[in-house]
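Contents: one structure, followed by commentary.
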Amino acid sequence: LQEKGFELVEPQYRKESGKWVVRLFVDKVDAGQSQGQPVNLPQSEVRTHKGITLGDCGKVTEFVGDVLDASGLMEVSYVLEVSSPGINRALKNESHFARCVGQKVKISLYAPLAPQSNQRNFSGQLLECADGKLSVEDIVSGRVQIPISAIYKAHLDLI
């Protein structure tokens, strides 16, 4: 996918209505600067969103379908779905967070950050992404530092 200018944002493989579904959320990427500062990632790791079209999804479906079928990896019949990650896209790694600095996010943690707090969910503006940590202006707790490794689930919160 990278060679063709796409990024796999999130793969899913599950049984739905008696059928196995391989669902890929992909985005088109362009080498370049992230939208926020500071970012301590090598330039080769920093990408910007370009947006994905229906035609792009068709191209990815054809390419990935051919690769999956030729690989023999899928031993059962499956349905392949390729989709945009959507406006409230999942954030999975440091480069995802780095290019979303300045935007609203929702973050859920595996466990509270501190023993004296039960807070595991944060919502607010992503202020910074550096050295494996996020700085978020949370609507409940104010400014918090969150290690990316502590994050169970995160996504943009634009609508």
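The values are calculated or read from the model by the stated rules, or taken from the named source; none is laboratory data. Computed from a predicted structure; not experimentally measured. Ideal geometry is used to build each Cβ from the backbone, glycine not excepted, and the neighbour counts take in all protein chains shown. Just the protein is used for accessible areas: all its heavy atoms, side chains included, with ligands, DNA and RNA removed. Shrake-Rupley method; radii C 1.70, N 1.55, O 1.52, S 1.80 Å.
Kindly provide the set of residues from the range 137-153 that are surrounded by fewer than 13 Cβ atoms within 10 Å (Cβ to Cβ) and among the β-branched types (Val, Ile, Thr), ordered by number.
Hits for the range 137-153 are 139, 140.
If a residue must be open to solvent by less than 30 Å² (accessible area, probe 1.4 Å) and either assigned to a strand (DSSP E or B) or closer than 21 Å to residue 85 by Cα (or both), how many such residues does the range 126-136 contain?
Summing the residues that are open to solvent by less than 30 Å² (accessible area, probe 1.4 Å) and either assigned to a strand (DSSP E or B) or closer than 21 Å to residue 85 by Cα (or both) in the range 126-136 gives 6.
Of the residues 21, 101, only one is at pLDDT 90 or above and part of a loop (DSSP other than H, G, I, E, B); which?
101
Consider residue 59 against the criteria (1) at pLDDT 90 or above; (2) among the basic types (Lys, Arg); (3) touching a strand residue (DSSP E or B) at 6+ places or on another chain (Cβ under 8 Å): it satisfies all of them except one. Which criterion is unmet?
Exception for residue 59: condition (3).
Taking the range 72-92 only, how many residues are surrounded by 13 or more Cβ atoms within 10 Å (Cβ to Cβ) and either assigned to a loop (DSSP other than H, G, I, E, B) or without any contact (Cβ under 8 Å) to a residue 12 or more places away in the chain (or both)? Break it down stepwise before answering.
First pass over the range 72-92, keeping only residues surrounded by 13 or more Cβ atoms within 10 Å (Cβ to Cβ): 74, 78, 80-86, 88-92.
Applying the additional criterion that residues be either assigned to a loop (DSSP other than H, G, I, E, B) or without any contact (Cβ under 8 Å) to a residue 12 or more places away in the chain (or both) yields 74, 84-86, 88-89, 91-92.
Matching residues across the range 72-92 total 8.
Looking at 52, 159 in this structure, which one is open to solvent by 80 Å² or more (accessible area, probe 1.4 Å), under 26 Å from residue 29 (Cα atoms), of a type in the set (A, V, I, L, M) and part of a loop (DSSP other than H, G, I, E, B)?
None of the others qualify; the one that does is 159.
Looking at the range 110-125, can you tell me whether even one residue there is surrounded by 16 or more Cβ atoms within 10 Å (Cβ to Cβ) and among the charged types (D, E, K, R)?
no
Yes/no per residue for (1) at pLDDT 90 or above; (2) of a type in the set (D, E, K, R):
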position: 52; (1), (2): no, no
position: 94; (1), (2): yes, yes
position: 121; (1), (2): yes, no
position: 124; (1), (2): yes, no
position: 158; (1), (2): no, no
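Sort out which residues of the range 137-158 are within 17 Å of residue 91 (Cα to Cα) and among the aliphatic types (A, V, I, L, M), and write them in order of number.
Within the range 137-158, 146, 148, 150, 151, 154, 156, 158 meet the criteria.
Go through the range 124-138 and report how many residues are closer than 14 Å to residue 151 by Cβ and small (Gly, Ala, Ser).
At the first step, the residues of the range 124-138 found to be closer than 14 Å to residue 151 by Cβ are 126, 129, 132-136, 138.
Now drop any that are not small (Gly, Ala, Ser), which leaves 132, 135.
Residues flagged as closer than 14 Å to residue 151 by Cβ and small (Gly, Ala, Ser) within the range 124-138 amount to 2.
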